[in-house]
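The values are calculated or read from the model by the stated rules, or taken from the named source; none is laboratory data. Note that the structure is predicted; figures quoted are calculated from it, not measured. A quick note on method: Cβ atoms are made from the backbone with ideal geometry, for glycine too, and the neighbour counts reach across all protein chains shown. Quick note on the areas: whole protein, heavy atoms, side chains included, nothing else; ligands and nucleic acids left out. Shrake-Rupley method; radii C 1.70, N 1.55, O 1.52, S 1.80 Å.
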Amino acid sequence: MNTVIKNIVTRTYKPLLVKYLSKTRMYRYKDIRLNIAPQVFHPGFFFSTQLLLGYINTLQLDKKNFLELGCGSGLIAIAAAKKGAMVTATDINTIAVESLKNNSAQNDVVIEVILSDLFLNIPQQQFDIIAINPPYYKKQPVTAGDYAWYCGENGQYFSALFSQLHNYIHADSIILMVLFDGCDMAMIHAFAAKNNFVLDVVYSKKNLLEENFIFKITKTA
């Protein structure tokens, strides 16, 4: 029954959403105002960003060295900066990077915004908190907007993520990643284990279409 409902909702809702998101839209989250370009992941229509942000808001952020890896709209980065975190935000999408520079200024916060494929262009440092809302689907990205959705046909995003992550953390770093039940969980856990990381669910929430999970990533050796 859930599959039938999901198919019906997808067929009716998705075309309307695609049309709406074909233009730059203004989005408000509490006291944060964002202009979201069509090529940038919109946090208002997908559950993952707000779920991860809700969990992050329970943490002590003041004076923490905070990284949003693959920031998209930058909602999480801006929210963390408003709570006193020293924020770095990155994305592989040039449009997302330029949009966040404008949106951070509009929201009166200071964020170091870096154009980067994962950690490639991030200066070597240790972050206290890392927030990751990764691309989920196993397909090769082609356009700038694709990188918000597709992790490569063989999960290359996750392979690179876990092979590089240890260079940017310390023993007490908090690393959080949001995934949903349509991900190839076995593949992601395998890439993590290969690089001596484990993923533990710290929060989950289910809606009509899917179940989302927040994982805490821990170094094992």
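Might you tell me the accessible area per residue for the chain, computed with a 1.4 Å probe and given in Å²? Mind dumping the intermediate values first?
Numbers: 11050 Å² over 221 residues.
Dividing the accessible area of the chain by its residue count gives 50 Å².
Between beta-carbons, use under 9 Å as the cut-off and find the net charge around Gly155, counting Lys and Arg +1, Asp and Glu -1. Write down the numbers at each step before the final one.
Working: positive: Lys138; negative: Glu153, Asp184.
Every neighbour counted, the sum reads -1.
Along the Cα→Cβ direction, 7 angstrom out, place labels at Asp117 and Tyr137. What is the inter-label distance in nm?
Distance between label points: 2.1 nm.
With a sphere of radius 13 Å drawn around the Cβ of Ala171, what net charge do the other residues whose Cβ falls strictly inside it have (Lys, Arg +1; Asp, Glu -1)? Display every interim value, and only then the final one.
On the way: positive: Lys219; negative: Asp128, Asp172.
Once all neighbours under 13 Å are counted, the net charge is -1.
Asn196 to Asn154: FRET efficiency via 1/(1 + (r/R0)^6), r the Cβ-Cβ distance, R0 22 Å, to the nearest 0.05? List each step's numbers first, then the result.
Details: r = 21 Å, r/R0 = 0.94.
So, using R0 = 22 Å, E works out to roughly 0.60.
Round to the nearest 0.05 the FRET efficiency obtained for Gln106 and Glu210 when R0 = 35 Å and r is the Cβ-Cβ distance. Mind showing how you got there, number by number?
Numbers: r = 32 Å, r/R0 = 0.90.
It comes to 0.65.
Using the basic label-point model (7 angstrom from Cα toward the beta carbon), what is the Ala221 to Asp31 distance in nanometres?
4.7
May I ask you to give the percent of accessible area on the stretch 83-221 that is carbon plus sulfur, with a probe radius of 1.4 Å?
On the way: 3410 of 6620 Å².
Carbon and sulfur: 52 percent of the exposed surface of the stretch 83-221.
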